[in-house]
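The values are calculated or read from the model by the stated rules, or taken from the named source; none is laboratory data. Please read these numbers as outputs of a predicted model, since none were measured by experiment. A quick note on method: Cβ atoms are made from the backbone with ideal geometry, for glycine too, and the neighbour counts reach across all protein chains shown.
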C-alpha cells in the first residue's frame, strides 16, 4: 500500500471520528440540525485544513478530495440520529477521542514529512492536525479548548505520537510500523491519563517578595553618612 494512501486513510478515519465527537457536543448543547452540521464539519475538517494551509502544498485535501466533506457529514449525522445513554457515551467519547487524536497526529506528521519538511515542523503540524479541529469546535460553543489544560495530557499525547512517527521514519521503518507504534502508545497513555487524572502542572503559586520597603538609598554625593547613637529610649532620632 502506498504511503499516500495510508496517510489519506488515517486522515479520513480522523475526520469521521472527530465529526462524530463534534456532533456529540452539538447534542449536549441541544443545537438543531444545522448546528450538528456546522460543529461536526468544523470538528472533523478543522485540523486538516489548518495543516494544509500552513504547508502551502496545494489546495487543502478537504476541498480537493471528494470523500472528506461527505465523511464529516456522515459523522455528524450519526451523532444526530443515534442517542447513547450518558454513561455509555462518556466511555465511548474518551475512547474515540483518544483514537482520533492519535490517528490525526500520526497522519499530520507523515503528511508534513512527505511535503519535504524536517522533523520539528512534522511534530508541530502533527500536533496541530490532532488538536486544531477540537479547539475550533470548542471556541464555537464558547468553552475553553480542551488543549489548554485539565484534559488528561491531551496535546502531550499528540506530541508523543507525532514524535514516534517522525522517529520511525528517520530510522527507515515503514509508515505502517510507525503509525501502529505511535497510535498504540498514544491511545494507551491517553486512556491511562484520563483514568488516573494525569495533567500537566499549572502555574506555581509563589508570590514575589515585597522588597520595595527594604531598599536602602545610597547617600547623596558629597555627604557622609554618620551613624547615630541611640538615645535613652532606644530611638536614633
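Listed values, structure above:
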quantity	calculated
Members of the stretch 87-113 that are over 19 Å from residue 45 (Cα atoms) and at pLDDT 90 or above	113
Flag for residue 133 being in contact (Cβ under 8 Å) with a residue 12 or more places away in the chain, surrounded by fewer than 24 Cβ atoms within 10 Å (Cβ to Cβ) and under 12 Å from the mean Cα position of the chain (by Cα)	no
Selection status of residue 139, under 15 Å from the mean Cα position of the chain (by Cα), under 30 Å from residue 29 (Cα atoms), exposed (fewer than 14 other Cβ atoms within 10 Å of the Cβ) and modelled with pLDDT of 90 or more	yes
Lone qualifier among 50, 17 - being within 26 Å of residue 124 (Cβ to Cβ), buried (at least 22 other Cβ atoms within 10 Å of the Cβ) and within 23 Å of the chain's Cα centre (by Cα)	17
Residue count for the stretch 25-41, restricted to those that are buried (at least 18 other Cβ atoms within 10 Å of the Cβ), closer than 16 Å to residue 71 by Cα and either within 21 Å of the chain's Cα centre (by Cα) or in contact (Cβ under 8 Å) with a residue 60 or more places away in the chain (or both)	3
Checking residue 114 against (1) crowded, with 16+ Cβ neighbours inside 10 Å; (2) under 18 Å from the mean Cα position of the chain (by Cα), the condition it does not meet	(2)
Given (1) surrounded by 14 or more Cβ atoms within 10 Å (Cβ to Cβ); (2) modelled with pLDDT of 90 or more, index of the condition residue 194 fails	(2)
Which numbered condition residue 81 fails, given (1) free of Cβ contacts under 8 Å to residues at least 24 places away in the same chain; (2) within 15 Å of residue 23 (Cβ to Cβ); (3) touching a helix residue (DSSP H, G or I) at 6+ places or on another chain (Cβ under 7 Å)	(3)
The stretch 139-187, residues that are in a loop (DSSP other than H, G, I, E, B) and either within 16 Å of residue 6 (Cα to Cα) or touching a strand residue (DSSP E or B) at 6+ places or on another chain (Cβ under 9 Å) (or both)	173, 174
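Each row is one residue, and each column tells you yes or no for (1) touching a helix residue (DSSP H, G or I) at 6+ places or on another chain (Cβ under 6 Å); (2) crowded, with 22+ Cβ neighbours inside 10 Å.
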{"site": "44", "(1), (2)": "yes, yes"}
{"site": "56", "(1), (2)": "no, no"}
{"site": "63", "(1), (2)": "no, no"}
{"site": "70", "(1), (2)": "no, no"}
{"site": "94", "(1), (2)": "yes, no"}
{"site": "107", "(1), (2)": "yes, yes"}
